[in-house]
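Working notes, structure below.
The values are calculated or read from the model by the stated rules, or taken from the named source; none is laboratory data. Predicted, not measured: the structure shown is a model, and the values here were computed from it. Here Cβ is always computed from backbone atoms with ideal geometry, including for glycine, and neighbour counts include all displayed protein chains. Just the protein is used for accessible areas: all its heavy atoms, side chains included, with ligands, DNA and RNA removed. Shrake-Rupley method; radii C 1.70, N 1.55, O 1.52, S 1.80 Å.
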Amino acid sequence: MLHEDFADPSFSAAVIGWQKAHGRHALPWQNTRDAYLIWLSEIMLQQTQVSAVLGYYARFLERFPTLRELAAAPVEDVMAQWSGLGYYTRARNLHRCAQQVVAQYDGVFPSDPALLAELPGIGRSTAAAISAFSSGTRAAIMDGNVKRVFARVFGIATFPGEKKTEQAMWRRAEALLPASGIESYTQGLMDMGATLCTRSSPDCARCPMQQRCVAHLTQRTKDLPVRKPKKATPEKHATLLLIVDKGEVLLEQRPASGIWGGLLSLPELDGHNLAEDDEEQPAIDQTALVRAMQPFGEMESQERLMTVTHVFTHYKLHIAPLLITLARREPLAGEARYQWLDTGRVADAALPAPVKKLLLELLGDRANSQARMF
């Protein structure tokens with residue numbers, strides 16, 4: 001199908017007119033051509049809502065006010081600032097991207113979306129958004145918000161993640177680009193998806209597309225976009241070793257790839273293990289525990305704490321913390337991935353959100369009860 005088959009100047013005119021009158025204009029990354037500020041916001045907003053990003057964005061810029069300062073910083077500092085925002089591959093790619101822009105483009109982001117898309121963590125849609133907002137480049141975006149708007153307005157009744165459907169959506173997105181006003185149009189699509197054409201309870205009464213929206217006219221807003229067939233969420237168990245000694249807690253640097261990649265976390269007894277149907281948290285293998293503890297010291301006591309559950313994108317993890325105190329601590333010579341951290345620094349450490357929450361709650365509970373944990 002040719003791009004021209006999707007062309008409709010009245011669509012972009014309606015989006016632009018609505019955005020100028022009713023869209024968002026005061027977000028901290030708006031009203032600027034600074035590609036660094038725009039790029040940072042776009043990466044943070046990937047799979048994350050604006051309300052969750054605002055605080056992180058401000059704190060991140062306070063710590064790394066320029067691209068060069070971000071590129072020069074240790075990756076551990078970047079991960080610490082990102083801690084709790086989730087999808088940590090974004091943070092590692094963010095740091096790599098900053099270093100690459102400094103090395104390859106002398107610290108200036110290229111305006112060409114094709115070049116931007118080659119940088120770490122920047123895909124086709126994000127590249128188009130950065131280029132449109134920083135340089136006024138006429139380029140099409142296709143994020144989750146746009147897919148939802150297109151699916152409803154144009155009555156696209158196939159799953160947007162399907163390759164053939166996605167390709168057709170890209171052709172439509174390119175054909176619908178306005179001759180001018182790309183910034184308002186791009187922001188308008190984002191705003192409509194985020195504030196009007198929401199996943200549940202869309203505000204059709206205020207939508208400028210109401211009279212042309214196939215989903216609204218055929219009462220299919222709940223059915224479109226077509227959802228991906230659901231799969232049962234696997235459940236896994238993990239035993240985390242909360243080893244404490246002399247006011248410090250033992251942490252382990254996780255591998256760069258995989259769950260919680262690059263962050264500090266509590267050592268695990270035996271990884272994330274798939275649970276059997278209706279299986280309770282498995283019993284602690286004491287032989288395996290003694291063997292795992294040998295590099296750290298001699299155990300004085302162990303206490304199994306309440307299991308907490310954390311939901312990842314692909315599975316649900318039941319975390320069983322095991323509080324261990326030491327009678328004697330072994331030096332960590334040659335074990336660079338392990339470190340002892342003062343408990344007073346837990347709040348600022350680059351820890352996964354559920355692990356940080358667990359530690360802070362435990363520390364608070366122990367302090368409130370005036371129990372001596374360490």
Sparsely packed GluC sites (Glu not before Pro) within the stretch 154-254, loop by DSSP, other Cβ within 10 Å at most 14: GLU162
Which one of PRO74, ALA288, ALA232 has its Cα pushed farthest toward the positive end of the charge dipole of the chain, where Lys and Arg give +1 and Asp and Glu give -1 at the Cβ? ALA232
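Figure the gain on full extension for TYR315 and ALA347 (residue separation times 0.36 nm, minus the Cα-Cα span) and round it to one decimal in nm.
On the way: separation 32, 0.36 × 32 = 11.52 nm, distance 2.62 nm.
Extra length available between TYR315 and ALA347 comes to 8.9 nm.
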Between LYS163 and TYR338, what is the label-to-label distance in nm when each label sits 7 Å out along the Cα-to-Cβ direction? 4.7 nm
Take the Cα coordinates of the stretch 48-114, assign each an equal point scatterer, and use the Debye formula without solvent to give log10 I(q)/I(0) at q = 0.22, 0.26 Å⁻¹. -0.98, -1.19
Which of SER125, ALA151, ALA140, positive extreme of dipole for the stretch 107-156 (C-beta unit charges): ALA151
List THR309, THR325, ordered by accessible area with a 1.4 Å probe, largest first: THR309, THR325
Taking the Cα of HIS25, stepping 7 Å toward and past its beta carbon, and measuring to each backbone N in the stretch 129-146: which are under 19 Å? 133-134
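Please give the charge dipole size of the chain, origin at the Cα centre, charges +1 on K and R Cβ atoms and -1 on D and E Cβ atoms. Round to the nearest 20 debye. All intermediate terms of the calculation are to be shown ahead of the outcome.
Working: 41 positive and 41 negative charges, 253 e Å.
It comes to approximately 1220 debye.
Can you give me the % of accessible surface on the stretch 176-222 that is carbon or sulfur? Probe 1.4 Å, all protein chains present, nothing else counted.
Values: 1160 of 2340 Å².
Within the stretch 176-222, the accessible surface is 50 percent carbon and sulfur.
Given N residues in the stretch 2-108, what is Rg(Cα) / (2.2 N^0.38 Å)?
Working: Rg = 17.0 Å, N = 107, 2.2 N^0.38 = 13.0 Å.
Compared with the compact-globule rule of thumb, the stretch 2-108 sits at 1.31.
Holding the Cα-Cα limit at 29 Å, pick out from LYS163/LYS357; LYS147/LYS357; LYS163/LYS230; LYS316/LYS356; LYS147/LYS356 the pairs that are longer than that.
In this structure, LYS163/LYS357; LYS147/LYS357; LYS147/LYS356 exceed 29 Å between Cα atoms.
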Principal semi-axes in Å for the chain [√(5λ), Cα gyration tensor, largest first]: 46, 25, 17
Amide H to amide H under 5 Å from ALA157: which residues, 5+ apart in sequence or cross-chain, H placed 1.01 Å off N in plane? none
Whole Å is fine, so just give me how far the alpha carbon centre of the stretch 33-95 lies from that of the stretch 167-196. 25 Å
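What does the charge dipole of the stretch 30-134 about its Cα centre add up to, to the nearest 20 debye, if the Cβ of each Lys and Arg holds +1 and the Cβ of each Asp and Glu holds -1? Present the calculation step by step, with values, prior to reporting the outcome.
Working: 8 positive and 9 negative charges, 38 e Å.
The calculation lands at about 180 debye.
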Report, please, the projected area of the stretch 287-340 averaged over directions, based on the convex hull of its C-alpha atoms, in nm². 5.2 nm²
Which aspartates and glutamates does LYS222 reach when only Cα atoms under 17 Å apart count, and residues fewer than 8 places away in its own chain are ignored? ASP203
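Is it possible to state the helix-based mean residue ellipticity at 222 nm for the chain, with each DSSP H run of 4+ residues giving -39500 (n - 2.57), the sum divided by total residues, to the nearest 500 deg cm²/dmol? What is it? Walk me through the numbers before you get to the answer.
Numbers: 14 runs with 146 residues, N = 374.
Mean residue ellipticity at 222 nm (helix-derived): -11500 deg cm²/dmol.
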Over the stretch 68-177, how many percent of alpha carbon pairs lie in each 10 Å bin up to the one with the longest distance? 13, 35, 31, 17, 3
Normalised contact order of the chain, rounded percent, pairs of Cα under 8 Å and 6 or more residues apart: 17 percent
Which angle between 0 and 90 degrees, to the nearest 10, do you get for helix 89-105 versus the longest principal axis of the chain when only C-alpha atoms count? 70 degrees
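Are there trypsin sites (Lys or Arg not before Pro) in the stretch 201-283 that DSSP puts in a loop and that have at most 13 other Cβ atoms within 10 Å, and which ones? Please report the intermediate quantities before stating the final value.
Working: sites: ARG206, ARG212, ARG220, LYS222, ARG227, LYS230, LYS231, LYS236, LYS246; in loops: ARG212, ARG220, LYS222, ARG227, LYS230, LYS231, LYS246.
Within the stretch 201-283, the qualifying trypsin sites (Lys or Arg not before Pro) (loop, at most 13 other Cβ atoms within 10 Å) are LYS222, ARG227, LYS230, LYS231, LYS246.
Cα-Cα pairs above 15 Å in the stretch 117-224: how many percent? Let's see the in-between values first.
Working: 3659 of 5778 pairs.
Counting every Cα pair in the stretch 117-224, those more than 15 Å apart make up 63 percent.
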Looking at the stretch 1-88, which trypsin sites (Lys or Arg not before Pro) are DSSP coil and have at most 13 other C-beta atoms within 10 Å of their C-beta? ARG33
